[in-house]
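One structure below.
The values are calculated or read from the model by the stated rules, or taken from the named source; none is laboratory data. Just so it is clear, the model here is predicted, and its values are computed rather than measured. Here the Cβ is made from the backbone with ideal geometry for all residues, glycine too, and neighbour counts use every protein chain on show.
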Amino acid sequence: MLLKPLLALLLAAALHPAWAKEAAPVAADPVAEARLMKLSSELRCLVCQNQTIADSNAELAVDLRNEIREKIQTGMSDAEIKDFMVARYGDFVLYRPPVKNTTLVLWVGPFLLLAVGGGILVFNLRRRRQHAAEPELSRDEQALAESLLHTDPTKETT
């Protein structure tokens, strides 16, 4: 008896217009929309940081796509739009930052780490090989070991 009004209330709450969102605007010009997608795939989402703004559904990414759409409609070129975004958010907004002094570590760092790791590996392997080649016994101990290896085990010594 109480179940029907409760279900009706839950259904009304689920269909409440507060959960409705406005559809993302689509440019009337498919060429402009293609430019938008190309540009937004070259820019990093500043919220997600591992996605482009084309892939991200974060509110900031949606705002940036809308801003790019507006810049395209005003007639700005792709380079001008990228320059605007870099001026506003820095080189980090570019998914492939340019090679310059401030981003040199991003480009060279992985190779340096690989070279240092390889150098440490080679050093340790050479040291281990040298350690294995060096006798760990003194001359007296080696002589005793040699004599024990060359003696007949069937003979008893007193």
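Hey, can you tell me all the residues within region 48-65 that are in a loop (DSSP other than H, G, I, E, B) and surrounded by 14 or more Cβ atoms within 10 Å (Cβ to Cβ)? Once the filter is applied, which keeps residues that are in a loop (DSSP other than H, G, I, E, B) and surrounded by 14 or more Cβ atoms within 10 Å (Cβ to Cβ), region 48-65 yields C48, Q51, I53, A54, S56, A58. Might you check whether a residue that is in a helix (DSSP H, G or I), at pLDDT 85 or above, surrounded by 11 or more Cβ atoms within 10 Å (Cβ to Cβ) and not small (G, A, S) occurs anywhere in region 113-127? Within region 113-127, not a single residue is in a helix (DSSP H, G or I), at pLDDT 85 or above, surrounded by 11 or more Cβ atoms within 10 Å (Cβ to Cβ) and not small (G, A, S). When A79 is tested against (1) touching a Pro at 6+ places or on another chain (Cβ under 8 Å); (2) within 30 Å of K38 (Cβ to Cβ), just one condition goes unmet, and that condition is (1). Among the residues of region 77-94, is there at least one that is outside any loop (DSSP other than H, G, I, E, B), free of Cβ contacts under 8 Å to residues at least 40 places away in the same chain and polar (S, T, N, Q)? No - not one qualifying residue is present in region 77-94.
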